[in-house]
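The values are calculated or read from the model by the stated rules, or taken from the named source; none is laboratory data. None of these values were measured; they are calculated from a predicted model. As a convention, Cβ positions derive from the backbone with ideal geometry for all residues, glycine included, and neighbour counts pool all protein chains shown. What goes into the accessible areas is simple: the full protein's heavy atoms, side chains included, and nothing from ligands, DNA or RNA. Shrake-Rupley method; radii C 1.70, N 1.55, O 1.52, S 1.80 Å.
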Amino acid sequence: MVDAVSYPNTLPRPSEELAQLEAIWATPGGWRIVTDVNNTVIGLFYTATAVLFFLLAGILALLMRLQLAVPSNTFLSQEAYNQIFTMHGTVMMFLFAVPVVEAMGILLLPQMLGARDLPFPRLGAYAFWAYLVGGLIFFGTLFFDLAPSGGWFMYPPLSSSQFSPGPGADFWLLGIGFIEISAIAGAIEIIVGVLRTRAPGMTLDQMPMFAWTMLIFAGMIVFAFPAVILATLLLELERAFNWPFFIAARGGDALLWQHLFWFFGHPEVYIIFLPAAGMVSMIVPTMCATPLVGYRLIVVALIATGFFSFGLWVHHMFTTGIPALSLSFFSAASMAVALPSGIQVFAWIATIASGRLRWTTPSLFVLGFLVIFSLGGLTGVMVAMVPFDWQAHDTYFVVAHFHYVLVGGMVFPLFAAFYYWAPAFSRLALSEQLGKWIFLLMFAGFNVAFFPMHLTGLMGMPRRVYTYPAVMQWDVLNMISTIGAFLLAAGIAIFLVDVVRSLRPAMSKTAGNVWGAATLEWLPNNVYGLRSIPAVTSAYPLWHHPQLAKEIEDGRHFLPGSITGLRETIVTSPFDATPQYLLRLPGPGWTPFLAAVLTAAFFMLLTVKAVVLALICGLLGIAMTVVWMWGSDLKPLPPVDIGANLKLPTYATGSLSHAWWAMIVLLLVAGSLYLSYVFSYLYLWTVSPQVWPRLSALAPIAYPIVSALLLVLGSAILEIARRVLPGRSRSSGAFVGLAGLAAAALTGALVIDVLAQWRAGLRPESDAHGAMVYMAAFLQGQLTIAVLAMTGFAIARSFAGRLDRKRRVAFDNLGLLYHYTVGQGLLGLLLVHGFPRLAG
Amino acid sequence: MSDTFKLSLGNLLQVLAPPLIWFLHLTTVYAAEALICIGPAGAAATMMAWTIALATVAALTALLLTAWTLHRDNARHPQSLGSSRFLRGVSHLLILLSLLGIAWTILPTVFLPTCA
């Protein structure tokens, strides 16, 4: 901690300083609260919405359990049951599990890291509103008999236009694709937030474990989600325009969907589990009043789990006819992932053993998690063995396994987290007495509901059947499961009562540190975070420095007010958290809300084929984004003193800028998506080499060469444009000309490539090869449109005097995107023109 | 690019390298099986065995190289504290885990014929 004698700022603080800080960060009143972008407000909204979807999906589960309680039941029709189980899985996975974790991140991270807010508050608000609007519309399809019914993983050919002709599958594909974009926006916010807005001195070995898990969670989203975004794009293009990616008769392959889906789907399990594990790693030390045992080992386990989880996807496909040796590689990897998971479990047990556990509600939920998750992990090792999986695949054994993993590994820690952190955001803590009853009901109900499913599965009951005949003798076990489900639901209902009774969300004067916890979120917080930001030298600052709360409230530490009259936070270096510059943050505004609503409208209107209206909404959405971006990248101000004579600049460019980091993360998303595409292209070639053209049928080589030259030329021109950015003695003319020329070169390269393929007689709907070639152009086209929009934006800013040699973040980001697009374009040309020549 | 940035990037690569090497090894042997084992049975099996052996040697060499860079950095900056030292420790342990992961991946080839 900061030396007890010399503090960064002296007392008394100016009388108006605190009032000004409060005014700047004030939450808009009434219905204007939808314009707020502050992390606490958005985090609370986000969490509440995720819980709403949890309840809705839970009600669907109860309907399913009612239907299965007795044999030959007619409570639900087959189609209604299909829609309900599809929506239950989809909503739980996409609208609850991932969003609630992001929500907790947005709510907790700034307070935990000592930041005033995350670095992109409007992006966080956009992600939330997009999720809320998109999620509600998606869920609403259930009431109009329009919901998808192909299962939460939507395998083709069942989900193809031939076997699912209605709009249900389209709602899934476009709706989920859209919500994934929102998840990626949240992930970018979290990565940059954790790496760049930690309190001064908070090195990586002092970072709260929840922040570590959120960092790895967000990193996994960056690499996992693009695979399923690509898959949804491919299937939607097949459904809408007959591009045969998954149609075997024309060289496609339905298994391609499974590869892409599970390359996302398996990491998804760990995407959900790791942050929950992070919550446990925060709760256990507090409840045992002792530091976490094996901090470094846990970080190792988290990183290893993050990576290993990407090598397991094929274990969802053990019954698809993949060669035995291949299956064995993935079987081995599936068992290997038990190692890092085991490290974490033993670290928690060791922490409990080294301290004295208090029997609070969060502790009970953590213990429940340890029991249930360990059982789920053990059955996971069982299904990782290929011969066992062949027997248990698609039975209720698997249903039992993944509910033990997901509910045990995520829902129980989440409830522990609700009880643990409620006092930090509410005037009252949740009831300990009710909490213990809730735990008992949930723990007993869960096991009564799901343990018998292992047995029904082993007795041969397949998952997803809407009913079964009495002769199968599954009725007793199913009735027990139904009773258990209602017990579990009773626990959750009492939790809602507790929430209504006790939870009083507040920005300040909360119940406070009732557990005696050690991390920064337990300091007196307000809507602006901490009154002043301390330098951190310990992983448990509140235990090591008991006077910290008072010092911070007095304003003795860094940045005790607002220096520039705007919302601000300190940007620090990613590893050692050295202060680097003062970031001015945006305040409330309509644009994130409107942009999210309009983008949601674009996607949903497309689903119902209202193309013109969809395009209007899309364009208006882009206009809102432009308005939002226009006010960002503020003019540099002279350096400011944040305390201890530490003068920080108010503007940063290049790799110092938080915006540069966000752009890099976005490019990793784009790169990951394109690599998934390259995999798909090569995969379909291995399956159907006969549809790949002979040399004579290929477009002449001159076309791709010209395209490639244009791409390289464009990059060079843009670099020259960087050197002639407007300045004191230079107008924007040369810059505008060169930037426009670079954009034209990029567009030209794409147009030439598409024309070459068209003139060679290739059509996207003819076979899988044609579809894949035009898909490369589609992906390149998306980026080209983004580059054109950003170029226009940069040109407009240069005319308006908002872009010059110093104030140039907009151009830096354009440069990064442009060069990436060129790289992707060159790889695409090599693949679609070079590979057939090599393979042919 | 500042020296601090370069150092941070170096640390980051050292942390990411071991699990990345494990992942590349896994995808190489998996992809090789898909591509090689469609050929004539005898020749394909031999080629596959060689591919697995080569990929494993390459992965182990890469892990050793990562370990060497860690020891070099420890020798160069024996007094370094904070994130760099922490990440070097993390990287050491990840090398061990990745080594186990690679051993685990090739274990099936001991029990199953190549191209099974």
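Before moving on, here are some points about what is shown:
- Per residue, in Å², the accessible surface of region A:359-486 once ligands and nucleic acids are set aside, probe 1.4 Å: 38
- Accessible area buried between chains B and A, both sides summed, probe 1.4 Å, in Å² to nearest 100: 3300
- Probe 1.4 Å, protein heavy atoms only - accessible area per residue of region A:676-839 in square angstrom: 43
- Test item: A:302-311 mean partner chain Cβ contacts at 10 Å: 6
- Cα gyration tensor shape of region A:37-502, rounded if a/c is under 1.5, else prolate or oblate by comparing a/b with b/c: rounded
- In this simple spin-label model, placing a label point 7 Å from the Cα along the Cα-to-Cβ direction at both A:Q782 and A:Q162 gives a separation of 2.7 nm.
- For A:T395, distant residues with modelled amide H under 5 Å away: A:R463
- Packing around the peptides A:183-194, A:84-95, taken as the average count of other Cβ atoms within 10 Å per residue, puts them in this order, highest first: A:183-194, A:84-95.
- Placing +1 on each Lys and Arg Cβ and -1 on each Asp and Glu Cβ, with no other charges, gives the protein assembly as shown a dipole about its Cα centre of roughly 1640 debye.
- Length gained when the stretch A:R356-A:V712 is fully extended (0.36 nm per residue, less Cα-Cα span): 121.7 nm
- Chain B: angle of helix B:41-76 to the longest principal axis, Cα-based, in degrees nearest 10: 10
- The heavy atoms of A:F45 offer some 60 square angstrom of accessible surface to a 1.4 angstrom probe.
- HN-Hα J in Hz across region A:366-376 - Karplus 6.51, -1.76, 1.60, θ = phi - 60°, x for Gly and Pro: 5, 5, x, 4, 4, 5, 5, 5, 5, 5, x
- Cα gyration tensor category, rounded, prolate or oblate, for chain A with a/c compared to 1.5: oblate
- Built amide H within the under 5 Å cut-off of A:E568, gap 5+: A:L585
- Think of it as helices only: each DSSP H run of n ≥ 4 in chain B is worth -39500 (n - 2.57), and spread over all residues that comes to -31500 deg cm²/dmol at 222 nm.
- Stretch in chain A that is longest and holds no trypsin sites (Lys or Arg not before Pro) that DSSP places in a loop and that have at most 11 other beta carbons within 10 Å: A:1-355
- FRET efficiency for the pair B:F111 and A:Q547, taken as 1/(1 + (r/R0)^6) with r the Cβ-Cβ distance and R0 = 51 Å, rounds to 0.25.
- What a 1.4 Å probe finds exposed on region B:49-100 is 74% carbon and sulfur by accessible area, rounded to a whole percent.
- Segments A:275-281, A:225-231 sorted - mean Cβ within 10 Å per residue, highest first: A:275-281, A:225-231
- Between B:R72 and A:L146, the distance separating the two model label sites (each 7 Å from Cα on the Cα→Cβ line) works out to 6.1 nm.
- Rounded FRET efficiency, nearest 0.05, which uses the C-beta distance separating A:W437 from A:S508 and R0 of 30 Å: 0.45
- With Cα atoms defining each centre, region A:181-211 and region A:417-486 are spaced 34 Å apart in the structure.
- Per atom type, chain A shows carbon and sulfur on 71% of its accessible surface, probed at 1.4 Å.
- Applying 1/(1 + (r/R0)^6) with R0 = 45 Å to the Cβ-Cβ distance of A:M382 and A:R723 gives a FRET efficiency near 0.10.
- For chain A, calculated [θ]222 nm from helices alone, where every DSSP H run of n ≥ 4 adds -39500 (n - 2.57): -21500 deg cm²/dmol
- Top positive-direction residue, dipole computed over region A:669-810 with Cβ charges, set A:L673, A:A796, A:A743: A:A796
- Extension gain from A:Q690 to A:M479, taking 0.36 nm per residue of separation minus the Cα-Cα distance: 70.7 nm
- Under the simplified labelling scheme, the A:A289-A:L830 pair shows an inter-label distance of 6.2 nm, with each label point 7 Å from Cα along Cα→Cβ.
- Qualifying lysines (Cα of each under 16 Å from Cα of A:K509; at least 8 residues distant if same chain): A:K550
- For region A:773-804 versus region B:69-116, the inter-centroid distance based on Cα atoms is 42 Å.
- Residue mean of other protein chain beta carbons inside 10 Å, A:655-665: 1
- When both region A:597-650 and region A:272-321 are represented by their alpha-carbon centers, they are found 34 Å apart.
- Partner shielding of A:200-210 amounts to 3, given as the average count of beta-carbon atoms from other chains within 10 Å of each residue beta-carbon.
- Cα shape, region A:551-656, gyration tensor, a/c 1.5 rule: prolate
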